[in-house]
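The values are calculated or read from the model by the stated rules, or taken from the named source; none is laboratory data. Computed from a predicted structure; not experimentally measured. Every residue, glycine as well, gets a Cβ built from its backbone with ideal geometry; the counts of neighbours run over all protein chains shown. Only protein heavy atoms, including side chains, enter the accessible area calculation; ligands, DNA and RNA are left aside. Shrake-Rupley method; radii C 1.70, N 1.55, O 1.52, S 1.80 Å.
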Amino acid sequence: MLIWAGLLAAGRAKIDGGAVTALGPLTLLLATAVALLGLGAIHLAARRTPHLAWALVAPVALLTLHLALRPALFEHFDSARFATELSRAPEAGVAIVGYPYQGEFGFTARLTAPIQVLAQDDVTGWVAGHPGGLILSARDAPETGSEVGEAWLAGHELRAYRLP
């Protein structure tokens with residue numbers, strides 16, 4: 001796991017096709033230090049009580065994994081990048097198309113109404129009925145609207161379009 005985190009930090013690996021920019025030497029150094037301290041504690045515990053040593057393996061591995069990969073995974077699944085634009089005029093309507101939406105924007109953007117998940121065939125009708133609305137799309141842009149944001153989220157490049 002530290003090797004994969006090192007590859008991510010060096011730009012030699014990607015998550016779902018997206019480059020990771022949040023990892024750095026300090027993150028890896030901290031994770032490596034925790035791993036070494038944990039291995040030392042496991043080694044000391046193994047001398048006296050082998051059962052305790054085995055009980056420490058999972059917590060040390062999980063803590064090391066969390067410290068090594070949390071920044072990369074947080075960057076990869078961070079829905080807050082769209083929160084500001086989503087919270088602007090939500091009464092006009094918000095829709096998403098071409099993305100397996102699972103409710104991840106509702107909390108970060110403090111939306112009170114659900115985001116409508118559209119099929120590609122429904123976009124034209126939705127655009128006509130929601131002036132000033134916002135469409136998040138992992139596909140082509142709607143016929144009208146201006147791009148107001150773009151970011152990777154969970155392996156998909158999403159673009160936000162504000163409708164006139």
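For this structure, a couple of remarks:
- Residue that is least open to solvent (accessible area, probe 1.4 Å), among those in the range 94-128 that are of a type in the set (S, T, N, Q) and assigned to a helix (DSSP H, G or I): Thr108
- Any hit, the range 51-73, residues being assigned to a strand (DSSP E or B) and either crowded, with 17+ Cβ neighbours inside 10 Å or not β-branched (Val, Ile, Thr) (or both): no
- Residue pairs whose Cβ atoms lie under 7 Å apart, sitting 6 or more positions apart in sequence or on different chains, and linking a residue in the range 134-146 that is open to solvent by 70 Å² or more (accessible area, probe 1.4 Å) and among the basic types (Lys, Arg) to a partner that is modelled with pLDDT of 80 or more and assigned to a strand (DSSP E or B), are Arg139/Val97.
- Among the residues of the range 79-93, some residue qualifies, meaning at least one is open to solvent by less than 80 Å² (accessible area, probe 1.4 Å) and at positive phi.
- Conditions (1) aromatic (Phe, Trp, Tyr); (2) at pLDDT below 80; (3) in a helix (DSSP H, G or I): number failed by Trp152: (3)
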